[in-house]
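Single-structure report; data block below.
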Amino acid sequence: MPDNPLAAVDPWDLVAEDYAASTISVMQPFALRAVELAGLADRPVPPRVVDIAAGPGTLSLPAAEYAERVEALDFSAPMIAQLENAVRAAGLGNVAARVGDGQALPYPDAEFDAGFSMFGLMFFPDRPRGFAELFRVLRPGGVAVVSSWAPIDRSTWMQMSWRALGSADPDIRPPAPNPAGLENPEVFEREMRTAGFERVSVVPHTVEMIFADAEELLGRLTRGIAPLELMRRSIGDGAMAARIEAMRSYLTEHYRPGSPLTTTAYLGVGHK
């Protein structure tokens, strides 16, 4: 599979604190939908859960309400530190977090009743291996839910973001469609089935966001965003500050305060 800079740990390490603070309102609705699709609340016995590429715990914390135990893993130590802070703040005693590789899980076979990867496995250099590892650690009858962003044409939020970036630098273009990625539901389903999952379905879920003004939207588009951190490292702080100012001007002109923006993700559900 082609190299992806977001498959490396460095940008996620650098944005961990801001990511935890600023992205939860975008990510959490998808995590709550994933918990619902996995049926965690309906199980007669609290399940053992694994959360792969867990980030700051956007899924781990709500899953802990229903779980006997949640094992959370991420390759970024600062992300795990943010997760551990959130676990302590919530007073949870059934969440354990560790640094590790989602393509080589440090868990025995058939250990968990439910497994998740929210917007993480989609970046793995070897996605089939990630799906295979997720399948391996599930018990027979277990369920997995994995999420990936839908194409940009299904997200007015992402379109607004890329147009704002393009206003700062005309050489910046939105990402091209990637029919070989998980943004393609057929690929998503095929890769889960190839890993061994049965009764696979790929479910779209759309979240609507409303911002008080352009400044609030700008903060959401620029704070804790790993691709922008890569850009800043490439062009330098001064050039990045100029781009953000150009984005502010664009959003002030083109975003009507209080108007909704949407973003859509696919949630792949599979059973062992």
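The values are calculated or read from the model by the stated rules, or taken from the named source; none is laboratory data. None of these values were measured; they are calculated from a predicted model. Cβ placement follows ideal geometry from the backbone for every residue including glycine, while neighbour counts extend to all protein chains displayed. Surface accessibility is based on the protein's heavy atoms, side chains included, excluding ligands, DNA and RNA. Shrake-Rupley method; radii C 1.70, N 1.55, O 1.52, S 1.80 Å.
Condition check: closer than 30 Å to Phe112 by Cα, open to solvent by less than 50 Å² (accessible area, probe 1.4 Å) and touching a strand residue (DSSP E or B) at 6+ places or on another chain (Cβ under 9 Å). Does Gly270 satisfy that? Don't jump to the end; show me each part of the working.
Working: closer than 30 Å to Phe112 by Cα: yes; open to solvent by less than 50 Å² (accessible area, probe 1.4 Å): yes; touching a strand residue (DSSP E or B) at 6+ places or on another chain (Cβ under 9 Å): yes.
So Gly270 fits the description; yes.
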(message) Conditions first: (1) over 18 Å from the mean Cα position of the chain (by Cα); (2) open to solvent by less than 60 Å² (accessible area, probe 1.4 Å). Leu228 passes all but one, so which condition is the exception?
(response) (1)
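Of the residues that make up segment 192-199, is at least one in a loop (DSSP other than H, G, I, E, B) and surrounded by fewer than 16 Cβ atoms within 10 Å (Cβ to Cβ)?
Taking segment 192-199 and keeping what is in a loop (DSSP other than H, G, I, E, B), we get 196-197.
Then keep just the ones that are surrounded by fewer than 16 Cβ atoms within 10 Å (Cβ to Cβ); that gives 196.
The answer is yes; a qualifying residue exists.
Quick one: in segment 49-85, which of the residues that are in a loop (DSSP other than H, G, I, E, B) and surrounded by fewer than 23 Cβ atoms within 10 Å (Cβ to Cβ) is farthest from the chain's Cα centre (by Cα)?
Just the residues of segment 49-85 that are in a loop (DSSP other than H, G, I, E, B), to begin with: 53-59, 65-68, 75-76.
Subsequent filtering for residues that are surrounded by fewer than 23 Cβ atoms within 10 Å (Cβ to Cβ) retains 65-66, 68, 75.
Values: Glu65: 20, Tyr66: 21, Glu68: 24, Phe75: 14 Å.
It comes out as Glu68.
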(request) Would you point out the residue of segment 230-244, among those that are assigned to a helix (DSSP H, G or I) and farther than 15 Å from Ile172 by Cβ, that is modelled with the lowest pLDDT? (result) Arg233
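Going by the conditions given, is Ala164 more than 22 Å from Ala31 (Cα to Cα), crowded, with 20+ Cβ neighbours inside 10 Å and touching a residue at least 12 places away in the same chain (Cβ under 8 Å)?
Numbers: more than 22 Å from Ala31 (Cα to Cα): yes; crowded, with 20+ Cβ neighbours inside 10 Å: yes; touching a residue at least 12 places away in the same chain (Cβ under 8 Å): yes.
So Ala164 passes the test.
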(request) Return only the number of the condition from (1) touching a residue at least 60 places away in the same chain (Cβ under 8 Å); (2) part of a helix (DSSP H, G or I); (3) over 21 Å from Leu37 (Cβ atoms) that Ala89 does not satisfy. (result) (1)
(request) Can you give me the number of residues within segment 6-61 that are of a type in the set (Val, Ile, Thr) and modelled with pLDDT of 75 or more? (result) 7
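Looking at this structure, is Trp157 outside any loop (DSSP other than H, G, I, E, B), within 21 Å of Val26 (Cα to Cα) and out of contact with any strand residue (DSSP E or B) (no Cβ under 8 Å at 6 or more places or on another chain)?
On the way: outside any loop (DSSP other than H, G, I, E, B): yes; within 21 Å of Val26 (Cα to Cα): yes; out of contact with any strand residue (DSSP E or B) (no Cβ under 8 Å at 6 or more places or on another chain): no.
Against the criterion (outside any loop (DSSP other than H, G, I, E, B), within 21 Å of Val26 (Cα to Cα) and out of contact with any strand residue (DSSP E or B) (no Cβ under 8 Å at 6 or more places or on another chain)), Trp157 does not qualify.
Does segment 177-190 contain any residue that is touching a strand residue (DSSP E or B) at 6+ places or on another chain (Cβ under 7 Å) and farther than 18 Å from Ile152 by Cα?
Keep residues of segment 177-190 that are touching a strand residue (DSSP E or B) at 6+ places or on another chain (Cβ under 7 Å), which gives 182-183, 185, 188-189.
From the residues that got through so far, the ones that are farther than 18 Å from Ile152 by Cα too are 189.
Yes, segment 177-190 contains a residue that is touching a strand residue (DSSP E or B) at 6+ places or on another chain (Cβ under 7 Å) and farther than 18 Å from Ile152 by Cα.
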(request) Scan segment 101-143 residue by residue and report those that are under 26 Å from Val187 (Cβ atoms), in a loop (DSSP other than H, G, I, E, B) and either touching a Cys at 6+ places or on another chain (Cβ under 6 Å) or not polar (S, T, N, Q) (or both). (result) Asp101, Gly102, Ala104, Leu105, Phe119, Gly120, Phe124, Pro125, Asp126, Val137
(message) Only one of Ala81, Ala110 is modelled with pLDDT under 95 and more than 22 Å from Phe30 (Cβ to Cβ). Can you tell me which?
(response) Ala81
(message) For segment 30-45, which positions are open to solvent by 70 Å² or more (accessible area, probe 1.4 Å) and more than 14 Å from Gly142 (Cβ to Cβ)?
(response) Leu32, Glu36, Asp42, Pro44
(message) If the requirement is being under 24 Å from the mean Cα position of the chain (by Cα) and not charged (D, E, K, R), which of these qualifies: Ala265, Ala246, Ala241?
(response) Ala265
(request) Quick one: which residue in Ser117, Ser25 is out of contact with any His (no Cβ under 8 Å at 6 or more places or on another chain), open to solvent by 40 Å² or more (accessible area, probe 1.4 Å) and among the polar types (S, T, N, Q)? (result) Ser25
